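See structure below.
The values are calculated or read from the model by the stated rules, or taken from the named source; none is laboratory data. Just so you know, these numbers come straight off a predicted model, no measurement behind them. All Cβ positions, glycine included, derive from the backbone under ideal geometry; neighbour counts span all protein chains shown.
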Amino acid sequence: MTRTAVLRAVQKDEGSSDEASNADRIAHGDRAAVAEIAAGLLAADARTSPKYLYDSLGSKLFEAICELPEYYPTRTEASIFAQHGEDMARRIGTGSTLIDLGAGNCAKAAGLFPLLQPQHYVPIDISREFLNEAVSRLQQRFPKIAMTPLALDLSAPFSLPAQVGTEHRLFFYPGSSIGNFAPHEAIAFLRQVRENASATGGLLIGVDLIKDAEVLDAAYDDAIGVTAAFNLNMLRHLNHLIGADFDVRQWQHVAFFNADESRIEMHLEARHALTVRWQGGERHFARGERIHTEDSYKYTRESFADVLAQAGFAADAVWTDADGWFAVIHARAVSD
Ligand code: AVJ
């Protein structure tokens, strides 16, 4: 199911008893996903959306990536929060409505609760089930903070329900998730966020910075092959989603820093000539031909300040680690 289809299914579960139309919507979502994936595979330069990296095994492999010595972003960002959390809280102030974009298990935001003391916590994630579980545990630990979990697809335009106060909203977007967007898409996404913030709104965002290519390459092509497994696992997921017959053993993981585009690129490369077939289509791949599966854009403090400005935010504090590998930025909404 696509993220949108999951969301529709989740929303439909609440209240409506229109079963037939619910089934239609899910089936339609599936067809849309098949069409989207097929179009990508048939493009001259074959590509797939990185969202398909995350089936249940893919999510576990990503958690494993975060433990790798080569994968510095998770660790480095955590050290920045640990070292500068109090300074962040001084700038942001307490009592905000903390809106967690892509909350997952809510652990990163929960780590900030003691310092930020939000009055309302609004975690957003595509999976309502996962979210509700995490939030009910969190609510017991922090009974004074109101919590409103929302199952929303952030890749589509979104607006927040009326019970979420409009003043002093702090949007939280850690982990350099913004890197999956091309810069023009990142600007469009952050404009959406800006539209959901009043003049008192702010953004606390984690951004991965440009550094030596060897460090970047190793982070996305680790020695024991966890990232390779994470990338290759997409083929199993595609087999499931579109009834394809990818043979994972015929493919290999390729990842490198493309300095001209300022991004890590992940690809899957055919080890020899082969044909892939799926529900309603097929494609031949020559030996060495690739499917582009993910981009992870890297910024300088200046280039990201520019993205923020174009989205209607102004950075008012930037915290980095001693090596300058990762930045956590607080930005305020700019009135237009
Ligand atoms: C989850 C998008 C932040 O780009 O570093 C990790 C995903 N891909 N290793 C990143 C990822 C390969 C990750 N983000």
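A few comments on the model shown:
- From the options R277, R287, R249, R236, residue that is out of contact with any Leu (no Cβ under 7 Å at 6 or more places or on another chain) and either in a loop (DSSP other than H, G, I, E, B) or modelled with pLDDT under 95 (or both): R287
- Scanning the range 209-231 for residues that are of a type outside the set (A, V, I, L, M) and within 11 Å of the ligand (Cβ to nearest atom) gives Y220, D221, D222, T227, F230, N231.
- Failed condition for A244, given (1) crowded, with 21+ Cβ neighbours inside 10 Å; (2) small (G, A, S); (3) under 24 Å from the mean Cα position of the chain (by Cα): (3)
- Pair list, Cβ under 6 Å, 6 or more apart: the range 97-121 residue under 18 Å from T200 (Cα atoms), other residue modelled with pLDDT of 95 or more and assigned to a helix (DSSP H, G or I): D100/A109; L116/A89
- Note on the range 48-64: among residues that are aromatic (F, W, Y) and assigned to a helix (DSSP H, G or I), the one that is nearest to the ligand (Cβ to nearest atom) is F62.
- Considering the range 236-270, and only residues there that are small (G, A, S) and in contact with a strand residue (DSSP E or B) (Cβ under 8 Å, 6 or more places away or on another chain), the residue that is farthest from the ligand (Cβ to nearest atom) turns out to be G243.
- Residue in the range 72-83 that is modelled with pLDDT of 95 or more, assigned to a helix (DSSP H, G or I) and of a type in the set (D, E) present: yes
- Whether a residue is more than 28 Å from M147 (Cβ to Cβ) and away from the ligand (no atom under 16 Å from the Cβ) was assessed, and D45 passes this test.
- Residues of the range 278-308 that are without any contact (Cβ under 8 Å) to a residue 12 or more places away in the chain and farther than 20 Å from T76 by Cβ: E282, H284, D306.
- Scanning the range 271-295 for residues that are crowded, with 21+ Cβ neighbours inside 10 Å and within 16 Å of the ligand (Cβ to nearest atom) yields I291, T293, E294.
- Selection status of P69, at pLDDT 95 or above, under 22 Å from the mean Cα position of the chain (by Cα) and loosely packed, with under 15 Cβ neighbours inside 10 Å: yes
- When Q139 is tested against (1) farther than 23 Å from D295 by Cα; (2) touching a helix residue (DSSP H, G or I) at 6+ places or on another chain (Cβ under 8 Å); (3) not small (G, A, S), just one condition goes unmet, and that condition is (2).
- Across the range 262-271, not a single residue is classified as without any contact (Cβ under 8 Å) to a residue 12 or more places away in the chain, over 23 Å from D212 (Cα atoms) and over 20 Å from the mean Cα position of the chain (by Cα).
- Within the range 290-336, the set of residues being within 16 Å of P174 (Cβ to Cβ), of a type in the set (A, V, I, L, M, F, W, C) and assigned to a loop (DSSP other than H, G, I, E, B) comprises W325 only.
- Single match in A156, A151, A134 (criterion: within 29 Å of Y297 (Cβ to Cβ), modelled with pLDDT under 95 and in contact with a Cys (Cβ under 7 Å, 6 or more places away or on another chain)): A134
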